[in-house]
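Report on the following structure.
The values are calculated or read from the model by the stated rules, or taken from the named source; none is laboratory data. Predicted model only: the values in this text are computed from it and were never measured. Backbone-built Cβ (ideal geometry, glycine too); neighbour counts: all protein chains shown. To get the accessible areas, we keep the full protein, side chains included, count just its heavy atoms, and leave off ligands, DNA and RNA. Shrake-Rupley method; radii C 1.70, N 1.55, O 1.52, S 1.80 Å.
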Amino acid sequence: MIRLDKYLADMGVGTRSEAKRLIRQGKVTADGAAVKSPEYRIDETSACVRVEGNEISYIKYEYYMLNKPAGVVSATEDPKEKTVLELITGRKHKGLFPVGRLDKDTEGLLLITNDGALAHRLLSPKKHVDKTYYARVKGLVTKETVRQFSAGMDIGKGREERTMPAKLRIIQAGEISEVRLVIQEGKYHQVKRMFQAVGMEVLYLKREAFGGISLDEALPPGGARRLTKEELGLLNGRETDGDAERHGRDYI
Ligand code: URA
């Protein structure tokens, strides 16, 4: 049950005070009856709310896939830089945030949602959620590099900070090498620091997949779309083993 003014504000009908004004003006109905008090509580899962006759259905959670371009920061707001949230047009909820971070110069798949429980689980190293990156690096990647990545390595400065085993596949080896890397954690600058630890520099980094979802290659850099039900099922499938709590939650 939520207040009618919050219902309308959550769904982007206006600010909270604009929603209050609409309600007081008698322009809002709930289940067919005009309601003039903003604090009136309704069941957001079943009520039929209309503003000037137009039905406003309530969406609890929003889920987007963004193809993050370089030059944009993974934050909800920033005084100077353009943020990933500015690229999500058509969003309803104000409380959206990126699931984890990609560096400003990293491109690729970033999930954006207001579902804190899902984000928490996807980001927990204990859940072993795969994150797949394509990288171009300065240096010759060899079988020995693959072994070092799979053994786990210390990427700490002064204080030991060990990585979990990571899968490195060589796409092309040379002075500049191309690789695909799968890791199951997200330490600060992790991929760049792993290559640094073996004496190489990441020149280009793109996340291709996260939690069983692959970046939709039809999305241009900066493009975003809502997740499909199938994609959301993949994210939830990973975490719903023995977890009935999330079944039946609203999503789009
Ligand atoms: N690892 C990095 O170093 N940077 C990213 O943006 C993501 C993973």
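In segment 135-165, the qualifying residues are those that are aliphatic (A, V, I, L, M) and free of Cβ contacts under 8 Å to residues at least 40 places away in the same chain, and the one that is nearest to Tyr204 (Cα to Cα) is Leu140. Among what's in segment 174-196 and is within 21 Å of Thr142 (Cβ to Cβ) and open to solvent by 60 Å² or more (accessible area, probe 1.4 Å), pick the residue that is nearest to the ligand (Cβ to nearest atom). This residue is Gln196.
May I ask you to list the residues in segment 54-70 that are in a loop (DSSP other than H, G, I, E, B) and either of a type outside the set (Asp, Glu) or open to solvent by 30 Å² or more (accessible area, probe 1.4 Å) (or both)? Listed by number, the residues that qualify are Ile56, Ser57, Tyr58, Ile59, Lys60, Tyr61, Pro69, Ala70. Annotation for segment 66-76: no member residue is over 28 Å from Asp216 (Cα atoms) and touching a residue at least 24 places away in the same chain (Cβ under 8 Å). Just to be sure before I move on: is Gly199 in contact (Cβ under 8 Å) with a residue 40 or more places away in the chain, in a loop (DSSP other than H, G, I, E, B) and open to solvent by 30 Å² or more (accessible area, probe 1.4 Å) in the structure I sent? Considered against the rule, which asks whether it is in contact (Cβ under 8 Å) with a residue 40 or more places away in the chain, in a loop (DSSP other than H, G, I, E, B) and open to solvent by 30 Å² or more (accessible area, probe 1.4 Å), Gly199 comes out as yes. Quick one: how many residues across segment 9-34 are open to solvent by less than 40 Å² (accessible area, probe 1.4 Å) and either small (Gly, Ala, Ser) or at pLDDT 95 or above (or both)? Total meeting the criteria: 9.
All told, Asp130 falls short of being more than 11 Å from the ligand (Cβ to nearest atom) and surrounded by 22 or more Cβ atoms within 10 Å (Cβ to Cβ).
Annotation note: of Leu109, Leu168, Leu123, the sole residue that is open to solvent by less than 60 Å² (accessible area, probe 1.4 Å), within 15 Å of the ligand (Cβ to nearest atom), within 30 Å of Ile59 (Cα to Cα) and in contact (Cβ under 8 Å) with a residue 12 or more places away in the chain is Leu109.
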